[in-house]
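A quick write-up on the structure given underneath.
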Amino acid sequence: MAEPMIPLTVAVLTVSDTRTEESDRSGQALVERLERTGHRLADKHIVRDDIYQIRAVVAAWIADPDIQVVLTTGGTGFTGRDSTPEAVSVLMDKRIEGFGELFRQLSWQEIGSSTVQSRCLAGLANGTVIFCLPGSTGACRTAWDGILAEQLDSRHKPCNFANLVIPERGQHG
């Protein structure tokens, strides 16, 4: 008998000075993908690219025992206002070093050397897994389809991040 997929509770944060709920294609792409694969949306926000606004929202989600995954989109580039890595990295207990490396490898196939400008990152904080993705809709699709869909699926072998954040299976709770 096939093992059932255990749905996770996911929060999505779009970091942008210009996007609204109506124009947030990247955040919406993540919501559509997570719901299509059986996960639950816990919360969704848009905040300005401000280190303290980003950190406040992500910290609140990390502190919420019902949220298992945080996805951010935007603010990972090199412009003067891009501050998601600085806002979120200090909240992480452990970094998932291979995430950025694998994302850039997959992204290379789509955008070539421009992928070197992505400062996407991931980590664990208080039993919550956090993935900070670039702001483009294409980058969100690449990350979800190429990494997150499998790594947030409790059935994926030999290992996945879902089993780290499911209380009865993980290392917290």
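Do we find that Ile46 is assigned to a strand (DSSP E or B) and surrounded by 17 or more Cβ atoms within 10 Å (Cβ to Cβ) in this structure? Judged against the criteria, Ile46 is a match.
Restricting attention to the range 8-22, and to residues there that are more than 18 Å from Gln68 (Cβ to Cβ) and assigned to a loop (DSSP other than H, G, I, E, B), which single residue is nearest to the chain's Cα centre (by Cα)? By that ranking, first place goes to Ser16. Among the residues of the range 23-36, those identified as surrounded by 16 or more Cβ atoms within 10 Å (Cβ to Cβ) and either part of a loop (DSSP other than H, G, I, E, B) or touching a strand residue (DSSP E or B) at 6+ places or on another chain (Cβ under 6 Å) (or both) are Asp24, Ser26, Gly27, Leu30, Val31, Leu34.
Within this structure, Asp66 passes the test of being in contact with a Ser or Thr (Cβ under 7 Å, 6 or more places away or on another chain), in contact (Cβ under 8 Å) with a residue 24 or more places away in the chain and among the acidic types (Asp, Glu). The number of residues in the range 70-97 being of a type outside the set (Gly, Ala, Ser), buried (at least 24 other Cβ atoms within 10 Å of the Cβ) and either in contact (Cβ under 8 Å) with a residue 60 or more places away in the chain or in contact with a Phe, Trp or Tyr (Cβ under 7 Å, 6 or more places away or on another chain) (or both) comes to 5.
Residue-wise test of (1) farther than 29 Å from Pro167 by Cα; (2) of a type outside the set (Phe, Trp, Tyr); (3) in contact (Cβ under 8 Å) with a residue 40 or more places away in the chain.
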| site | (1), (2), (3) |
| --- | --- |
| Phe99 | no, no, yes |
| Arg104 | yes, yes, no |
| Trp108 | yes, no, no |
| Gly112 | yes, yes, no |
| Thr115 | yes, yes, no |
| Cys120 | no, yes, yes |
| Leu124 | no, yes, yes |
| Ser136 | yes, yes, yes |
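Rule-based calculations on the coordinates, nothing more; no lab input. The model shown is predicted, which means the values in this text are computed figures rather than measured ones. All Cβ positions, even for glycine, are placed from backbone atoms using ideal geometry, and neighbour counts span all protein chains on display.
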